[in-house]
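*Asks:* Sharing a structure here in structure tokens format.
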Amino acid sequence: MAFDGITIANIVKELNDLLVGGRLYKIAQPEADELLLTVKTGSGQYRLMISASASLPLMYLTEKNKQSPMTAPNFCMLLRKHLQNGRITAITQPGLERAVHMELEHLDEMGDLCKKTLIVEIMGKHSNIIFCNEDGTIIDSIKRVSALVSSVREVLPGKTYFMPQTVEKADPLKAEETYFTELIEDKPMPVFKALYNSFTGISPIMAQEICYRAKLDGEMSVAGLEKEDKKRLYSAFADMMAQIKAGDFAPCIAYTGAEPVEFGALELTMYSGGDDHIETYDSMSSLLEGYYAEKNTLTRIRQKSVDLRRIVQTALERNVKKYDLQMRQMQDTEKRDKYRIYGELINTYGYSVPEGSKSMEALNYYTNEMITIPLDETLTPLENARKYFDKYAKMKRTYEALLELTREVKSEIEHLESISASLDIAVAEEDLVQIREELAESGYIRKKSGGKKEKITSKPFHYISSDGYHIYVGKNNFQNEELTFKFATGNDWWFHAKGMPGSHVIVKAENDGSMPDRTFEEAAKLAAYYSKGRGKGETAEKVEVDYVQKKQVKKPAGGKPGFVVYYTNYSMMIDTDISGIQMI
């Protein structure tokens, strides 16, 4: 999935059509590397999301708003000072570079008209948002880059802005046939690689599309191209560049079966027939927002939950090591019964053992077999028996103590694994509040003293089945507890992935507990999806799910939040595809 120069060209066209001439009404910085600009135009109000995230840089128009921090960051305050109510005069893209230049004009403190440029670079981990004067001097940037960080270019106030040229590539919008052919012939590699290594803004997927349109195998070597092949390749390339120059974009997502595999700003004709198909969009912004919204949210939540994940993982590793050690000690106590039998047999047959013997033969009346019992020749038979009984008693006490300890440690491991699963399915920052509270109650993090308790706003996932039944999915152990023991009634159905951490799923059933088979299957799919069984390769295509009426589910005495027991249940093997289930 490439946010390439062609995709940016499509975005720039949309922004030119809608935003040029508009005024910056609001400037917000919801994240450290993200801007949300509200622009008022004659035709309405628009929001422009700009993210310079190293993991997921984006730029698109959106209708959604995001909550901003109580105190605006310095970069946001700087933009407000200079650009509040400023007018957008032009939005351009240099060649097919992965950069957007937004030119603005505003009045300074003296009432004079000034011009500024906001430059957005969508370049992976090097992405940035840079604010410049009319002469190209950098005023500031959302990420400052010193010489210690980059030897190629410093991005600091007072420096002159220039586009980084780490790899020499040609502008595809200006390439004539002769120049195009020379560049391609100069590269001993597959044709599609030669294309994206020669020209800016062309991603591997668009290079493959050019080859497909030219009726060529993109994997074949450039050396194998005939004269006619090169002509067809240039013709397909030139046609694509002409589409871009004319603004004739066709945003689409390509699917193989139900899985999205690629997106593009132009029609991906190579995905046609068989299991492949494409879905078109009215705008690149709606495509990007729909495709990346969930991914962007999950990326942000993972960043914000990194401290909690580290705490959970550290505690989990420590408890697993403790459990392994205890299990090894348990194995050492397995021979305790052997010592008890030795003591009994010595008491029974020891009268016939000669003084100073190092061993004795005796019939084990438990198995009816002859065994050899080692003896301490310095002790009497009675003292040898007492020695074995003492060993037995000590090992028995150790075993009983370890039995309780291993139960406690095993319970703690399961608890931590369930918290880890809750972190995996958190979709918003408020979902982390209850997880943080649970860790505090369990003693893994320090409770805040004197401060106000954080308000709980997170709610369980709410789905509706194809047959109209309401299904609720807990996001963490506190919500699981609430759903199962306070929200659900006796004849409602309860679902949970078998033998692994996961969410409690409650289906509100009819008074007699009856439900259509399809609803049972959809609820089981949700239980499988929101469990550790999801996404573990081919062996986890199906997950075993237990289900039972809520009245059969009990809370064990002293059990941790969300932990239950049940003694009779049904089970089914189900896949984790929930794409057809409607979320409310």
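*Asks:* Can you name the helices (runs of 4 or more DSSP H) wholly within region 172-267 that have at least 3 residues being surrounded by fewer than 14 Cβ atoms within 10 Å (Cβ to Cβ)?
*Replies:* On the way: elements: 177-185, 191-198, 204-213, 227-246.
Output list reads 177-185, 227-246.
*Asks:* Could you give every pair whose Cβ atoms fall below 6 Å, whose first residue belongs to region 277-292 and is outside the structural domain of Met49 (by TED's automatic domain parsing) and under 17 Å from Gly247 (Cβ atoms), and whose second residue is hydrophobic (A, V, I, L, M, F, W, C) and in a loop (DSSP other than H, G, I, E, B), counting only separations of at least 6 or pairs across chains?
*Replies:* What qualifies is Met284/Ala265.
*Asks:* Okay, moving on. Against the condition on the phi < 0 side of the Ramachandran plot, surrounded by 15 or more Cβ atoms within 10 Å (Cβ to Cβ) and under 31 Å from the mean Cα position of the chain (by Cα), how does Leu104 come out, does it pass? Break it down stepwise before answering.
*Replies:* Working: on the phi < 0 side of the Ramachandran plot: yes; surrounded by 15 or more Cβ atoms within 10 Å (Cβ to Cβ): yes; under 31 Å from the mean Cα position of the chain (by Cα): no.
Considered against the rule, which asks whether it is on the phi < 0 side of the Ramachandran plot, surrounded by 15 or more Cβ atoms within 10 Å (Cβ to Cβ) and under 31 Å from the mean Cα position of the chain (by Cα), Leu104 comes out as no.
*Asks:* Further, regarding this structure: Assuming Gln331 fulfils every condition listed in (1) under 26 Å from the mean Cα position of the chain (by Cα); (2) exposed (fewer than 14 other Cβ atoms within 10 Å of the Cβ) apart from one, which condition is it?
*Replies:* Single failed check for Gln331: (1).
*Asks:* Consider only pairs whose beta carbons are under 6 Å apart and that are at least six residues apart or on different chains; among these, list those whose first residue lies in region 382-397 and is under 17 Å from Leu345 (Cβ atoms) and whose second residue is hydrophobic (A, V, I, L, M, F, W, C) and surrounded by 17 or more Cβ atoms within 10 Å (Cβ to Cβ).
*Replies:* Once the first residue is under 17 Å from Leu345 (Cβ atoms) and sits in region 382-397, its partners that are hydrophobic (A, V, I, L, M, F, W, C) and surrounded by 17 or more Cβ atoms within 10 Å (Cβ to Cβ) give Asn384/Ile346; Asn384/Leu375; Ala385/Ile346.
*Asks:* Based on what the data block shows, is Ser146 within 35 Å of the chain's Cα centre (by Cα) and under 14 Å from Met59 (Cβ atoms)? Reasoning before the result, please.
*Replies:* Working: within 35 Å of the chain's Cα centre (by Cα): yes; under 14 Å from Met59 (Cβ atoms): no.
No; evaluated as a whole, the condition is false for this residue.
*Asks:* Among what's in region 457-471 and is in contact with a Leu (Cβ under 9 Å, 6 or more places away or on another chain) and surrounded by fewer than 24 Cβ atoms within 10 Å (Cβ to Cβ), pick the residue that is modelled with the lowest pLDDT.
*Replies:* Step by step, filter region 457-471, then rank; the result is Ser458.
The rows are residues; the columns are (1) modelled with pLDDT of 95 or more; (2) assigned to a strand (DSSP E or B).
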{"position": "Ala72", "(1), (2)": "no, no"}
{"position": "Glu103", "(1), (2)": "yes, yes"}
{"position": "Lys116", "(1), (2)": "yes, yes"}
{"position": "Phe131", "(1), (2)": "yes, yes"}
{"position": "Asp140", "(1), (2)": "yes, yes"}
{"position": "Arg153", "(1), (2)": "no, no"}
{"position": "Pro157", "(1), (2)": "yes, no"}
{"position": "Met163", "(1), (2)": "no, no"}
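*Asks:* Residue check: is Lys335 outside the structural domain of Ile50 (by TED's automatic domain parsing), over 30 Å from Thr398 (Cβ atoms), of a type in the set (Lys, Arg) and at pLDDT below 90? First the steps, then the outcome.
*Replies:* On the way: outside the structural domain of Ile50 (by TED's automatic domain parsing): yes; over 30 Å from Thr398 (Cβ atoms): no; of a type in the set (Lys, Arg): yes; at pLDDT below 90: yes.
So Lys335 fails the test.
*Asks:* Within the group Tyr179, Tyr234, which residue is among the aromatic types (Phe, Trp, Tyr) and either under 30 Å from Ile139 (Cα atoms) or at pLDDT 95 or above (or both)?
*Replies:* On the way: Tyr179 fails: either under 30 Å from Ile139 (Cα atoms) or at pLDDT 95 or above (or both).
Sole residue among the options that is among the aromatic types (Phe, Trp, Tyr) and either under 30 Å from Ile139 (Cα atoms) or at pLDDT 95 or above (or both): Tyr234.
*Asks:* Hey, among Ser53, Ser68, which residue is more than 29 Å from Gly201 (Cα to Cα) and surrounded by 15 or more Cβ atoms within 10 Å (Cβ to Cβ)?
*Replies:* On the way: Ser53 fails: more than 29 Å from Gly201 (Cα to Cα).
Checking each option against the conditions leaves just Ser68.
*Asks:* Another question, if that's okay. I'd like the full set of residues that are surrounded by fewer than 10 Cβ atoms within 10 Å (Cβ to Cβ) and of a type in the set (Val, Ile, Thr), limited to region 334-372.
*Replies:* Across region 334-372, the qualifying residues are Thr367, Thr372.
*Asks:* Still on this structure, please answer the following. Need the failing condition index for Phe192 against (1) under 32 Å from the mean Cα position of the chain (by Cα); (2) not assigned by TED's automatic domain parsing to the domain that holds Gln243, just the number.
*Replies:* The single condition Phe192 does not satisfy is (2).
*Asks:* So the check is Cβ under 7 Å with 6+ separation or different chains; which pairs have a first residue in region 254-276 that's charged (D, E, K, R) and a second one that's not in a strand (DSSP E or B)?
*Replies:* Listed pairs, sorted by first residue: Glu262/Met1; Glu262/Ile205; Glu262/Leu268; Glu267/Ala250; Asp275/Gly257.
*Asks:* Tell me yes or no: at least one residue of region 55-67 is without any contact (Cβ under 8 Å) to a residue 24 or more places away in the chain, under 30 Å from Phe263 (Cα atoms) and assigned to a strand (DSSP E or B).
*Replies:* Looking through region 55-67, none of the residues is without any contact (Cβ under 8 Å) to a residue 24 or more places away in the chain, under 30 Å from Phe263 (Cα atoms) and assigned to a strand (DSSP E or B).
*Asks:* Another question, if that's okay. Out of everything in region 71-99 that is β-branched (Val, Ile, Thr) and surrounded by fewer than 19 Cβ atoms within 10 Å (Cβ to Cβ), what residue ends up being farthest from the chain's Cα centre (by Cα)?
*Replies:* At the first step, the residues of region 71-99 found to be β-branched (Val, Ile, Thr) are 71, 88-89, 91-92.
In the following step, the residues that additionally are surrounded by fewer than 19 Cβ atoms within 10 Å (Cβ to Cβ) were identified as 71, 89, 92.
Working: Thr71: 28, Thr89: 39, Thr92: 33 Å.
Taking the candidates together, the pick is Thr89.
*Asks:* Which of the residues belonging to region 1-51 are assigned to a loop (DSSP other than H, G, I, E, B) and either more than 22 Å from Ile253 (Cβ to Cβ) or not charged (D, E, K, R) (or both)? Steps first, please.
*Replies:* So in region 1-51, the residues assigned to a loop (DSSP other than H, G, I, E, B) come out as 1-4, 19-22, 32-33, 42-43.
Once the filter is applied, which keeps residues that are assigned to a loop (DSSP other than H, G, I, E, B) and either more than 22 Å from Ile253 (Cβ to Cβ) or not charged (D, E, K, R) (or both), region 1-51 yields Met1, Ala2, Phe3, Leu19, Val20, Gly21, Gly22, Ala32, Asp33, Gly42, Ser43.
*Asks:* Right, next: Quick check on region 341-372: of everything there that is touching a helix residue (DSSP H, G or I) at 6+ places or on another chain (Cβ under 6 Å) and closer than 22 Å to Met395 by Cβ, which residue is modelled with the lowest pLDDT? Walk me through how you get there before you give the answer.
*Replies:* Residues of region 341-372 touching a helix residue (DSSP H, G or I) at 6+ places or on another chain (Cβ under 6 Å): 342-343, 346-347, 350, 353, 362.
Cutting the leftovers down to closer than 22 Å to Met395 by Cβ gives us 342-343, 346-347, 350, 362.
Details: Tyr342: 94, Gly343: 94, Ile346: 92, Asn347: 92, Gly350: 87, Ala362: 92.
Within region 341-372, the match that is modelled with the lowest pLDDT is Gly350.
*Asks:* Among the residues of region 421-431, are any small (Gly, Ala, Ser), closer than 30 Å to Lys66 by Cβ and assigned to a helix (DSSP H, G or I)? Show your work before the answer.
*Replies:* First pass over region 421-431, keeping only residues small (Gly, Ala, Ser): 421-422, 426, 428.
Now drop any that are not closer than 30 Å to Lys66 by Cβ, which leaves 421-422, 426, 428.
In the following step, the residues that additionally are assigned to a helix (DSSP H, G or I) were identified as 421-422.
Within region 421-431, one or more residues are small (Gly, Ala, Ser), closer than 30 Å to Lys66 by Cβ and assigned to a helix (DSSP H, G or I).
*Asks:* Let me ask something else about it. Please go through region 91-111 and give me each residue that is closer than 21 Å to Tyr46 by Cα, in contact (Cβ under 8 Å) with a residue 60 or more places away in the chain and touching a His at 6+ places or on another chain (Cβ under 8 Å), ordered by number.
*Replies:* Result: Ile91, Thr92, Gln93.
The values are calculated or read from the model by the stated rules, or taken from the named source; none is laboratory data. Owing to the predicted nature of the structure, the values given are computational and were not obtained by experimental measurement. Counting neighbours? That spans all protein chains shown, and the Cβs are built from the backbone with ideal geometry, glycine included.
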